[in-house]
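The values are calculated or read from the model by the stated rules, or taken from the named source; none is laboratory data. Note that the coordinates shown come from a computational prediction; the quantities given were computed from them, not determined experimentally. Cβ placement follows ideal geometry from the backbone for every residue including glycine, while neighbour counts extend to all protein chains displayed.
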Amino acid sequence: MSTLVADTVSKRFGGVTALSNVSLELREGEIHGLIGPNGSGKTTLLNLLTGYYQVDEGDIRLDGESLARSPVQQRPRVGVARTFQKPRLLGSLSVLDNAMLGGWCETRAGFLETALALPRARREERALRDRAEELLHGVGLGYAIHRRASLLDHAEQRFLEIARGLVMRARFILLDEPAGGLTEGEIEHLASIVTALRDAGIGVLLVEHHTDFVFSVCDRVTTLNLGRMIKHATPAEVRSDPEVIRVYLGA
Ligand code: ADP
């Protein structure tokens with residue numbers, strides 16, 4: 001089974017210990033929730049798993065191989081994609097062009113072949129365009145393919161970021177607060193997308209504050225508090241755990 005693993009990782013920022021000896025195993029074909037109060041280290045862990053930060057201690061492994069020292073730009077090549085709390089898109093480009101950006105890493109044509117529109121470059125671009133269009137339809141953005149990305153609303157931007165990750169053939173996709181700012185109807189659509197990803201064998205990490213959403217779609221949930229893992233279990237076990245209730249869920 002394919003896994004993306006944080007193995008007893010620690011991360012400090014100056015005098016602040018953001019994470020201390022935290023482990024998490026994300027498996028293919030599962031939705032894994034990561035919850036905890038603000039400042040508990042969730043985004044830091046996501047940044048370590050995706051290579052935006054380097055670990056101080058511990059290791060990040062994909063299928064057993066260490067990624068800890070591989071640069072962030074290598075992550076798409078190995079199949080690890082992410083989205084951001086505030087979607088990062090190129091607003092002046094079309095929705096389709098933004099989605100196609102996810103496929104840059106698998107094209108083989110060189111700069112000159114592309115600039116001169118030589119056959120291999122044209123073939124690759126057609127294939128990438130077809131794939132991006134198909135995935136945009138898959139996330140429900142088929143109607144907006146030729147729209148400028150800056151004209152999309154918040155939820156549409158989030159779905160476009162997911163499509164961009166899928167265009168890069170992600171095996172693991174890590175979503176940073178994807179339900180933030182979405183209506184209940186949009187969250188239902190998001191739930192159908194992440195469930196479809198899981199069913200397609202992709203491993204999904206959900207860093208999320210919307211706990212009803214987390215508990216309804218996740219297979220397993222990890223809870224952090226003050227940079228430490230306090231509970232890792234099924235949604236039912238996590239939501240009834242006294243420590244999780246005390247530090248995060250409330251009575
Ligand atoms: P969460 O995502 O759970 O809200 P974070 O991972 O953002 O938590 O933050 C964990 C801790 O690390 C917090 O105390 C935060 O202030 C600190 N931290 C996170 N990123 C940085 C950074 N780039 N520089 C300094 N401190 C940071």
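Do the conditions hold for R164, that is, is it within 15 Å of L4 (Cβ to Cβ), among the basic types (K, R) and at pLDDT below 95? Write out each step before concluding.
Details: within 15 Å of L4 (Cβ to Cβ): no; among the basic types (K, R): yes; at pLDDT below 95: yes.
No; evaluated as a whole, the condition is false for this residue.
Would you mind stating whether R129 is surrounded by 15 or more Cβ atoms within 10 Å (Cβ to Cβ), modelled with pLDDT of 70 or more, out of contact with any Gly (no Cβ under 6 Å at 6 or more places or on another chain) and of a type in the set (D, E, K, R)? When the stated conditions are applied, R129 passes them. Residue count for the stretch 1-54 under the criterion of being more than 9 Å from the ligand (Cβ to nearest atom), surrounded by 19 or more Cβ atoms within 10 Å (Cβ to Cβ) and assigned to a loop (DSSP other than H, G, I, E, B): the result is 2. Does any residue of the stretch 102-116 turn out to be among the β-branched types (V, I, T) and modelled with pLDDT under 85? Scanning the stretch 102-116 turns up at least one residue that is among the β-branched types (V, I, T) and modelled with pLDDT under 85.
Checking each residue in the stretch 194-251 for being within 15 Å of the ligand (Cβ to nearest atom), over 14 Å from H32 (Cβ atoms) and part of a loop (DSSP other than H, G, I, E, B) picks out H209, H210, L226, G227. When you check R69 against the structure, is it buried (at least 20 other Cβ atoms within 10 Å of the Cβ), modelled with pLDDT under 90 and out of contact with any His (no Cβ under 9 Å at 6 or more places or on another chain), yes or no? It is false that R69 is buried (at least 20 other Cβ atoms within 10 Å of the Cβ), modelled with pLDDT under 90 and out of contact with any His (no Cβ under 9 Å at 6 or more places or on another chain). Take I162 and tell me if it is of a type in the set (V, I, T), under 15 Å from V194 (Cα atoms) and not in a strand (DSSP E or B). When the stated conditions are applied, I162 passes them.
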